[in-house]
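Here is the structure we will look at.
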Amino acid sequence: MEKKGFVAIFNEPLDRPRVSECVESWLERFEKVEQVAPANEFTLEVKETRDILWDDNLQFRVSNADQFAWIYITLDKAAMETTGFADAEISFCLEVLLELPNVTEIVDEKNQRRLEQLEKAGII
């Protein structure tokens, strides 16, 4: 299967309250949310936002049946990255970004020109 990825740009840097809003959105829309614990020691299921183990770099896995997406967040950056597999319909790694609060742009990982612009601007 072909891998796919996207970068969501938010109107403000992602802090704990904004990340909590995103996790809440995933909990409402998808079957399961898991977090890779800091230092990659273990994975735990997130059933409520208070279950989040906070660190500067966060990694989540959101799933619905056999579809899943990895989500990577660095606190105080205005971007969130996802990876997964390309689907016939909409890629699940794009679907997890849709409906998140304060997203201003979603960039396909193949759009290197735009990603370089965002990197030079310090957004990602």
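Here are a few things to note about the model shown:
- The selection criterion, being of a type in the set (A, V, I, L, M), open to solvent by 20 Å² or more (accessible area, probe 1.4 Å) and part of a helix (DSSP H, G or I), does not hold for L44.
- Here the condition is being open to solvent by 80 Å² or more (accessible area, probe 1.4 Å), in a strand (DSSP E or B) and either under 27 Å from R113 (Cβ atoms) or in contact (Cβ under 8 Å) with a residue 60 or more places away in the chain (or both); of E89, E99, E81, it holds for E81 alone.
- Of all residue pairs spaced 6 or more apart or on separate chains, those with beta-carbon atoms under 6 Å, a first member in segment 52-69 that is open to solvent by 60 Å² or more (accessible area, probe 1.4 Å) and a second member that is of a type in the set (D, E, K, R) are R61/E34; F68/R61.
- Total residues in segment 69-108 satisfying the condition of being out of contact with any strand residue (DSSP E or B) (no Cβ under 6 Å at 6 or more places or on another chain) and closer than 22 Å to D55 by Cα: the figure is 5.
The values are calculated or read from the model by the stated rules, or taken from the named source; none is laboratory data. Since the structure is predicted, the reported quantities are computational estimates derived from the model, not experimental observations. Cβ coordinates were reconstructed from backbone atoms using ideal geometry, including for glycine residues, and neighbour counts include every protein chain displayed. What goes into the accessible areas is simple: the full protein's heavy atoms, side chains included, and nothing from ligands, DNA or RNA. Shrake-Rupley method; radii C 1.70, N 1.55, O 1.52, S 1.80 Å.
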